[in-house]
Amino acid sequence: METVPMKIIARIHSDFPSKFGIPRQSGLVEALKARVVFEPDFRSPEAVRGLEGFSHIWLIWQFSQAVRESWSPTVRPPRLGGNVRMGVFATRSPFRPNPIGLSCVRLERIEQHPQWGPVLWVAGADLMDGTPILDIKPYLPYADCRPEASCGFAGPDGGELLEVELPERLRALVPEEKREALLGILARDPRPSYQQDPGRVYGMDFAGLNIRFSVEGQVLRVCGVRPIP
């Protein structure tokens, strides 16, 4: 099988130490903040000259936790409850012949760091902390936006939002600058689509905290917030 070499140009640093809880697509939770730090060979300010003029960028990245030697022509999309197989090229599943992801994020600013060079601060990313970035390209509305496009089995939006109940005593344990993002993640229902047990308590790691919650009907109740040891 023919292969081509790829270089890791950067890594993203986000509030997700593990996959559970990450939004299913980029842009669904705009309050999520992350930073893209270039690898040493790519820390030239010249490489991002002009990028500040774009409001959004594409991140092309590797599903580093889903690398496999083999591949399957069909996968089970969570959107369909994990019970229906669809062609891998009709999905955004991480289990692909080449484990490559594509995310559109908002570019908030470019910081010139004395040690790391240009650092890209972005919003709305759906990437785990440390994910390798393979390329960065500007988002062009006239070319990249197609309002008339059909969504196939994925549906026209990100799904129905849950009502989130976060008691005040637990809300106070979440840093103020992280609350909006946390509420947005929980409203999107971080559970796998095939898990609908109202008696189950789930745990999600986010921003140095373990968030425990349960879901009954359309209401998600947070029952615990504690620092990750």
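Taking ILE110 as the residue in question, decide whether it is closer than 25 Å to ASP41 by Cβ, touching a residue at least 12 places away in the same chain (Cβ under 8 Å) and open to solvent by 70 Å² or more (accessible area, probe 1.4 Å).
So ILE110 does not fit the description; no.
Taking PRO99 as the residue in question, decide whether it is on the phi < 0 side of the Ramachandran plot, open to solvent by 60 Å² or more (accessible area, probe 1.4 Å) and modelled with pLDDT under 95. Steps first, answer last, please.
On the way: on the phi < 0 side of the Ramachandran plot: yes; open to solvent by 60 Å² or more (accessible area, probe 1.4 Å): no; modelled with pLDDT under 95: yes.
So PRO99 fails the test.
Looking at (1) touching a helix residue (DSSP H, G or I) at 6+ places or on another chain (Cβ under 7 Å); (2) open to solvent by 20 Å² or more (accessible area, probe 1.4 Å); (3) small (Gly, Ala, Ser); (4) at positive phi, which is the one condition that is false for ALA154?
(4)
Counting only residues that are part of a loop (DSSP other than H, G, I, E, B) and among the β-branched types (Val, Ile, Thr), how many does region 187-212 have?
Count: 1.
So TYR142 ticks every box in (1) at pLDDT 90 or above; (2) open to solvent by 60 Å² or more (accessible area, probe 1.4 Å); (3) touching a Leu at 6+ places or on another chain (Cβ under 8 Å) but one. Which box is left unticked?
Only one criterion is unmet by TYR142, namely (3).
I'm trying to understand the selection: among the residues of region 1-58, which are of a type in the set (Asp, Glu), open to solvent by 70 Å² or more (accessible area, probe 1.4 Å) and within 13 Å of the chain's Cα centre (by Cα)?
Once the filter is applied, which keeps residues that are of a type in the set (Asp, Glu), open to solvent by 70 Å² or more (accessible area, probe 1.4 Å) and within 13 Å of the chain's Cα centre (by Cα), region 1-58 yields only GLU30.
More than 18 Å from GLY21 (Cβ to Cβ), modelled with pLDDT of 95 or more and either assigned to a loop (DSSP other than H, G, I, E, B) or aromatic (Phe, Trp, Tyr) (or both): is that true of TRP71 in this structure?
When the stated conditions are applied, TRP71 does not pass them.
Identify, from the list LEU134, LEU170, the residue that is assigned to a helix (DSSP H, G or I) and open to solvent by less than 30 Å² (accessible area, probe 1.4 Å).
After applying the criteria, what remains is LEU170.
Determine if region 45-58 includes at least one residue that is among the hydroxyl-bearing types (Ser, Thr, Tyr), assigned to a loop (DSSP other than H, G, I, E, B) and over 19 Å from CYS104 (Cα atoms).
no
What are the pairs with Cβ atoms under 7 angstrom where one residue, in region 21-47, is hydrophobic (A, V, I, L, M, F, W, C) and the other, located anywhere, is open to solvent by 50 Å² or more (accessible area, probe 1.4 Å) and not in a loop (DSSP other than H, G, I, E, B)? Sequence gap at least six, or different chains.
Short answer, once both residue conditions are applied: ALA31/GLU180; ALA34/HIS13; VAL37/ARG11; VAL37/HIS13.
Take region 61-77 and flag every residue that is open to solvent by 30 Å² or more (accessible area, probe 1.4 Å) and of a type outside the set (Ser, Thr, Tyr).
GLN62, PHE63, GLN65, VAL67, ARG68, GLU69, TRP71, PRO73, ARG76
Considering only residues of region 213-229 that are touching a residue at least 24 places away in the same chain (Cβ under 8 Å) and assigned to a loop (DSSP other than H, G, I, E, B), which is most open to solvent (accessible area, probe 1.4 Å)?
My answer is GLN218.
The values are calculated or read from the model by the stated rules, or taken from the named source; none is laboratory data. Everything numeric here is computed off the predicted structure, so don't read it as measured data. Cβ atoms come from the backbone with ideal geometry, glycine included; neighbour counts cover every protein chain shown. What goes into the accessible areas is simple: the full protein's heavy atoms, side chains included, and nothing from ligands, DNA or RNA. Shrake-Rupley method; radii C 1.70, N 1.55, O 1.52, S 1.80 Å.
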